[in-house]
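Right, one structure below, let's go through it.
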């Protein structure tokens, strides 16, 4: 219905409520709409009157009585609008018509129906000085807390000064409009008879308590008043044995009780719930969700505050309430999960409960967590719950660790990528080596369940799964090994063929040799499944490479491969020839020994030769004297054959210009005496030598191969009298290119050579 046209007719009028277009119920006098107050979004119900000349007096009476009667049990009126005949409204708290269509479900809990009747009796008790006159099935509504309330004050009148004739006239007019039968015209009995008929509508004769039958029949006939009827029912066993009636009275007064009184009321609720949970099944809609649960949450928050802060409070001083937190929380979690309704502030209650160190509290939260995911957002789970939740995997209690492990799949979809692929996997790696067999088994199962959402970057998922399943297949117990095979079976679609060939088959293969026949059997089946996947992939591989060698597709007899004797001899001869040729190219050329005549030998006694070579301080290079007392790289040993000397050509070196006198020191130049010699030695180079491009070094027995200076890279060549072959120079360790020396004239024997060369070469 479009209300904008109605409100436009009122000058400068702004209706403070938003009304839905479709009515939830409709009678001959009223249309009932759900609405919302614009100021604070409070849910309300708007009754719009169908005013007409025939019913105007009835509607105006209802509006007037709604303003002045503030009685518990009547629909709480928030505001009325009756200035315009076209827009007469009564705004009340959010109510719904009694669910007569669902009466069969409500009747399953007889305590709930009896509680509703007691609520109506209490309301009529407050109206004992008034005649209601409209009590019927259409006048019963249910408010947001599940309480039975009454609406419809069209015939409501005070008993003082009431004219029976006038009331009867109005009653006949009312019942004619609504199309119902008038139960009685007497204002003193009309409400009693209406109540009796209403009770019979609520409770079938077979369901009516035996100790109520007489009283219900009497009030239906108008023989007793409502007040007497109530007193009689209160004295019946049915009334006294109904636990909900007394509990409801305490619950209504809870807001005026102190903390200790509230704790007593909730303790009674705990006893009722633990003794018989069926009492709280099939109650009037709204009583559990909006009445019992919110009050329980308030008392739990009070107890949690005391537990966290350990501050003094009236509860703490007068009553040890810490042990009440667990049962209260258990009742709340059970009721909310059953009704799937969560009051305002419920999320904060859950997140705060996860911070408590009590193991019983955490265990309760883990049990009900899968059912609590709905009202919790992803950000609340990842930022406020996960940090406390994951600590359960490291708890010293095995039961708590196991329950935490089982609950992981319900929260992984709410975790961040870092929490899932980093932190959670580290905890699972620890539980996989837990001392408890069930925990190790469940760890593999959980990894299998969350494997599809693990990160696949850089082969991360394949490596993780392969490592986890390999570790579990080495478990000493059978259950974890079977769980690993189960995980491999469920994860077969997550592995590519390369991973299967390189990793997964090697993971399954040890199971084929397992001690348990069950493990061996399942491992064999699983191995065949993975192998079949590889074979299917192999069939799809294209082998159309035109560059492939034709020999690749030939079958080779490796038993006789390369065993032809003639071919082998040819190949061996070729290899031997190549080997010797390499040796020839890489080996240095040796000098050729020859016999020399005495005429070619300079006199060793004239003091102008190499007589005192063993006593020589060294030779002069660039004006400096190098010591020869510690040769670094001797090239001969005692077994080296004696070679005759030959003329050598001294090429100009890169450092010749550094010495003005060339290689040969002047005769008058001083000779440096080595410090290690015990007696002074005369240099064999003391005699001046005429400059010449060739220097003949003639020895009696051997010729020493001149080493090459590494630093200067100069080459010393020796000309042989027998051949023109070039002798290869050999490097020495000295940077400045020292020349090795021989012994004195008396030392040209093997001993002299041994003392001078056989050292470190």
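Listed values, structure above:
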| read-out | value |
| --- | --- |
| Listing of helices (runs of 4 or more DSSP H) fully contained in the stretch 221-284 that carry 2 or more residues being modelled with pLDDT of 90 or more and farther than 25 Å from residue 325 by Cβ | 226-234, 237-240, 243-252 |
| Qualifying residue in the stretch 135-147 (condition: over 22 Å from residue 43 (Cβ atoms), in contact with a strand residue (DSSP E or B) (Cβ under 6 Å, 6 or more places away or on another chain), in the same structural domain as residue 175 (by TED's automatic domain parsing) and not in a strand (DSSP E or B)) | no |
| Test for residue 499: is it modelled with pLDDT under 90, under 49 Å from the mean Cα position of the chain (by Cα) and closer than 30 Å to residue 438 by Cα | yes |
| Condition met for residue 251 (surrounded by 19 or more Cβ atoms within 10 Å (Cβ to Cβ) and in contact (Cβ under 8 Å) with a residue 24 or more places away in the chain) | yes |
| Yes/no for residue 187 being touching a strand residue (DSSP E or B) at 6+ places or on another chain (Cβ under 6 Å), in contact (Cβ under 8 Å) with a residue 12 or more places away in the chain, in a loop (DSSP other than H, G, I, E, B) and assigned by TED's automatic domain parsing to the domain that holds residue 139 | yes |
| Residues located in the stretch 414-442, provided they are surrounded by 18 or more Cβ atoms within 10 Å (Cβ to Cβ) and in a loop (DSSP other than H, G, I, E, B) | 415, 432, 434 |
| Residue 199 being in contact (Cβ under 8 Å) with a residue 40 or more places away in the chain and assigned to a helix (DSSP H, G or I) | yes |
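The values are calculated or read from the model by the stated rules, or taken from the named source; none is laboratory data. What you see is a predicted model; the values in this text were computed from it and never measured. All Cβ positions, even for glycine, are placed from backbone atoms using ideal geometry, and neighbour counts span all protein chains on display.
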